[in-house]
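Peer 1: First the structure, which I've put down as structure tokens, then a few questions once you've had a look.
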């Protein structure tokens with residue numbers, strides 16, 4: 001129902017029909033779903049690691065100044081003996097995060113974590129359009145929300 005309301009609102013100022021807008025949204029959603037499945041397969045193939053995927057719209061609860069219209073985050077929690085080697089490959093994880101953010105229009109943050117630990121790396125979309133690892137801007141846990149680009153380090 002919310003998608004229908006958004007489509008009607010968009011239709012008032014758009015030359016596209018409501019059905020065309022719904023099809024466009026479905027295509028975006030399908031592309032994102034396929035991207036997440038491909039990312040999971042890419043991580044797991046040839047490695048002793050299982051990926052537990054979590055999606056949430058809690059970015060506004062974590063960050064005071066996240067990218068507009070991108071309140072979602074995906075977490076790839078890695079479980080298995082190869083979890084450490086996946087986490088050690090910044091180029092690999094950044095590549096996956098970039099693909100997810102570029103193909104999922106409501107996602108602003110992608111997290112890779114070792115399952116059942118506090119070891120994680122967060123990648124986010126910066127105002128410049130670049131996707132960066134937030135671990136380079138590590139802050140101590142504290143009250144209040146993080147600033148976009150920061151990551152809590154323990």
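Peer 1: Within the stretch 111-120, which residues are surrounded by fewer than 19 Cβ atoms within 10 Å (Cβ to Cβ) and within 12 Å of residue 83 (Cβ to Cβ)?
Peer 2: Matches in the stretch 111-120: 114, 115, 116, 117, 119.
Peer 1: If you don't mind, there's one more thing I want to ask. Please work out which residue is farthest from the chain's Cα centre (by Cα), limiting yourself to the stretch 31-52 and to residues that are in a loop (DSSP other than H, G, I, E, B) and either touching a residue at least 60 places away in the same chain (Cβ under 8 Å) or surrounded by 12 or more Cβ atoms within 10 Å (Cβ to Cβ) (or both).
Peer 2: 47
Peer 1: Can you tell me how many residues within the stretch 120-138 are in a loop (DSSP other than H, G, I, E, B) and either at pLDDT 95 or above or within 15 Å of the chain's Cα centre (by Cα) (or both)?
Peer 2: 3
Peer 1: Do we have residue 85 as closer than 16 Å to residue 43 by Cβ, without any contact (Cβ under 8 Å) to a residue 24 or more places away in the chain and out of contact with any strand residue (DSSP E or B) (no Cβ under 7 Å at 6 or more places or on another chain) here?
Peer 2: no
Peer 1: Considering only the stretch 139-150, I want to know if a residue exists there that is assigned to a strand (DSSP E or B), in contact with a strand residue (DSSP E or B) (Cβ under 9 Å, 6 or more places away or on another chain) and closer than 19 Å to residue 47 by Cα.
Peer 2: no
Peer 1: Within the stretch 110-119, can you find the residues that are over 10 Å from the mean Cα position of the chain (by Cα) and either within 26 Å of residue 30 (Cα to Cα) or assigned to a strand (DSSP E or B) (or both)?
Peer 2: 113, 114
Peer 1: Name the single residue, out of those in the stretch 60-109 being assigned to a helix (DSSP H, G or I) and at pLDDT below 95, that is surrounded by the fewest Cβ atoms within 10 Å (Cβ to Cβ).
Peer 2: It comes out as 61.
Peer 1: Hey, another quick one. Please go through the stretch 98-129 and give me each residue that is within 18 Å of residue 148 (Cα to Cα) and out of contact with any helix residue (DSSP H, G or I) (no Cβ under 9 Å at 6 or more places or on another chain), ordered by number.
Peer 2: Within the stretch 98-129, 98, 101, 126, 127, 128, 129 meet the criteria.
The values are calculated or read from the model by the stated rules, or taken from the named source; none is laboratory data. As the structure is a computational prediction, the values presented were derived from the model and not from experiment. Please note: Cβ atoms are built from the backbone with ideal geometry, for glycine as well, and neighbour counts cover all protein chains shown.
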